[in-house]
1. Outside the structural domain of LYS130 (by TED's automatic domain parsing), within 19 Å of the chain's Cα centre (by Cα) and not aliphatic (A, V, I, L, M): which single residue out of ASN29, ASN96, ASN55 fits that description?
2. Out of everything in the range 12-54 that is acidic (Asp, Glu) and farther than 18 Å from LYS71 by Cα, what residue ends up being surrounded by the most Cβ atoms within 10 Å (Cβ to Cβ)?
3. Can you name every residue in the range 262-290 that is over 23 Å from LYS45 (Cβ atoms) and modelled with pLDDT under 85?
4. How about the range 182-208: which of its residues are open to solvent by less than 20 Å² (accessible area, probe 1.4 Å) and within 16 Å of ligand 1 (Cβ to nearest atom)?
5. Output the number of residues of the range 167-181 satisfying the condition of being in a loop (DSSP other than H, G, I, E, B) and open to solvent by less than 60 Å² (accessible area, probe 1.4 Å).
6. Does ILE117 satisfy the condition of being open to solvent by less than 10 Å² (accessible area, probe 1.4 Å), β-branched (Val, Ile, Thr) and not in a strand (DSSP E or B)?
7. Within the range 93-112, restricting attention to residues that are away from ligand 2 (no atom under 15 Å from the Cβ) and open to solvent by 50 Å² or more (accessible area, probe 1.4 Å), which residue is modelled with the highest pLDDT?
8. Hey, can you tell me all the residues within the range 178-193 that are at pLDDT 95 or above and within 16 Å of ligand 2 (Cβ to nearest atom)?
Amino acid sequence: MVLENLGRSIDKAIRKIRKLPKIDKDAINALVQDLQRSLLTSDVKVELVLDMTENIKKEAMNTALQKASRKEFIIKLVHDELIKVLGGKPAPIRINPKKKNVILLVGIQGSGKTTSIGKLSQYYKSKGFKVATLTTDTWRPGAFEQLTQLTKQLGIKCFGDPNEKNPLKIAIKETKKALNEGFDVLIVDTAGRHKEEKELMEEMKKIVKVLKPNEVILVIDGTLGQQAYSQAEEFSKATNLGSIIVTKLDGTAKGGGALSACAATNVPIRFIGVGEKIDDLDQFNPTSFVGTLLGVPDMQGLIERVQEAEIMPDSEAVKRMLKGKFTLDDLCTQLKSFKKIGKFKQVLSMMGGGNIPDVLKEDAEKNIEKWEIILNSITPEEKLQPEIIKRSRKKRIAIGSGQPYSVINKMLDQYRQMKKVMKNMAQMRKKGAKGGLPPGLDKMMKSFGGF
Ligand SMILES: Nc1nc2c(ncn2[C@@H]2O[C@H](COP(=O)(O)OP(=O)(O)OP(=O)(O)O)[C@@H](O)[C@H]2O)c(=O)[nH]1
Ligand SMILES: [Mg+2]
């Protein structure tokens, strides 16, 4: 895995928080310290780390956490902050399938331009484009030979002129040739070795001017860590960068620094290099990257669970219900809130998992509107003590609600069954420490502070 150490240490911090019975201020402070240590070891800029962890602390302390599943909420906070640091959304690939596309790779000596061109050409070829490469590098000995060898094994043509010493002439002449031959994606290599960096920049600017590429991609060595920022800044001042490829993330502990530094320049990171081989190129998607880093690949699932937790019925009612006190009034209140959120089934199953028979869940969902009408015709006294609803009261309710006896009976029947389920759950809760609780109940109780 890329950034293995960072991943491992953040994962450790997250596991620690998962294991705690209760999340309090101390737990959050400890998590924040662990995160700071992990990120600083990965060479992320101090200010960035402090900003990020401050945000986590503020949010985690301020939110009405009794309504949410606190642990998952905090993991999601960490996740969101890391994504922010890495530049947010993934960058779409700017290749126009109907046009001739020229992509220019720039970067300093040894950053991995030529290697990345091999990887990129393979990548676009696999997407069905007619790809060719071209080198304008007249500085590196054997540059044309190097790229030709690399792309030959992929069945990709390499343009260039090893006898020409003027990179601009090569750029103009060979690009024309390649596009005339019908290639629709031309990936162009540039020199990294130069006498001076200033000259390198000048040459790059001239090539950009004559080729007018669809996209200029800066290749940056990930082992630079946070120093990547000044390099990316310098290049982005000199030319209009479209994106960045951060290479060598497979072999560095400083990858977090390089990625966050590049993201800070506001130029999107489009790919990352994760090895020397031709397939070692990953499209960069901050969300899935952070998901893997945190050991929570299904972040969408986690987000949904947090949202579910946030729509929990009010805690007082749940506490009462878990003590086995479940009245028709409770049924009424819960039905209303469940209907509003449209997640009746989900909430029911969170309350007891497999304990609630499917048919009961389905009936409740199907009849929820009728039940609400019936409940409007039931007196407060009857709601508190449904046992008193006998024949004559039923008749009054049927007339008042316009519902047949069968629906009223069914509702009362369901109420009794649900009450039984609640009672069972309450008993299990008492035995909880020995016998264990169903996952839904366990989770819900914890989210209310483990009463
Ligand atoms: N481990 C690892 N090595 C890489 C990666 N990308 C490039 N390299 C290695 O980095 C070294 C330099 O790569 P090149 O592609 O030649 O770099 P360049 O930017 O073209 O260099 P110049 O042409 O000299 O400017 C080579 O040994 C590559 O194998 C990567 O993602 N991971
Ligand atoms: Mg090169």
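1. On the way: ASN29 fails: within 19 Å of the chain's Cα centre (by Cα); ASN96 fails: within 19 Å of the chain's Cα centre (by Cα).
After ruling out the rest, the residue left standing is ASN55.
2. Pass one, the range 12-54, residues acidic (Asp, Glu): 24, 26, 34, 43, 47, 51, 54.
Within this subset, residues satisfying the condition of being farther than 18 Å from LYS71 by Cα are 43, 47, 51.
Numbers: ASP43: 23, GLU47: 9, ASP51: 14.
Checked the range 12-54; the qualifying residue surrounded by the most Cβ atoms within 10 Å (Cβ to Cβ) is ASP43.
3. At the first step, the residues of the range 262-290 found to be over 23 Å from LYS45 (Cβ atoms) are 275-283, 288.
Residue satisfying the conditions is SER288 alone.
4. Initial filter on the range 182-208 (open to solvent by less than 20 Å² (accessible area, probe 1.4 Å)): 185-192, 200-201, 204, 207.
The answer is ILE187, VAL188, ASP189, THR190, ALA191, GLY192, LEU200, MET201, MET204, ILE207.
5. Our first condition is that a residue be in a loop (DSSP other than H, G, I, E, B); within the range 167-181, this holds for 181.
Okay, now just the ones that are also open to solvent by less than 60 Å² (accessible area, probe 1.4 Å), so none.
Total meeting the criteria: 0.
6. On the way: open to solvent by less than 10 Å² (accessible area, probe 1.4 Å): yes; β-branched (Val, Ile, Thr): yes; not in a strand (DSSP E or B): yes.
Here the answer is yes, as ILE117 does meet what is asked.
7. Top of the filtered list is LYS100.
8. ILE187, VAL188, ASP189, THR190
The values are calculated or read from the model by the stated rules, or taken from the named source; none is laboratory data. Not measured: the values here are computed from a predicted model. With ideal geometry, Cβ positions are generated from the backbone for all residues, glycine too; neighbour counts draw on all protein chains shown. Note: accessible area is taken over every heavy atom of the protein model, side chains too, but ligands, DNA and RNA are not part of it. Shrake-Rupley method; radii C 1.70, N 1.55, O 1.52, S 1.80 Å.
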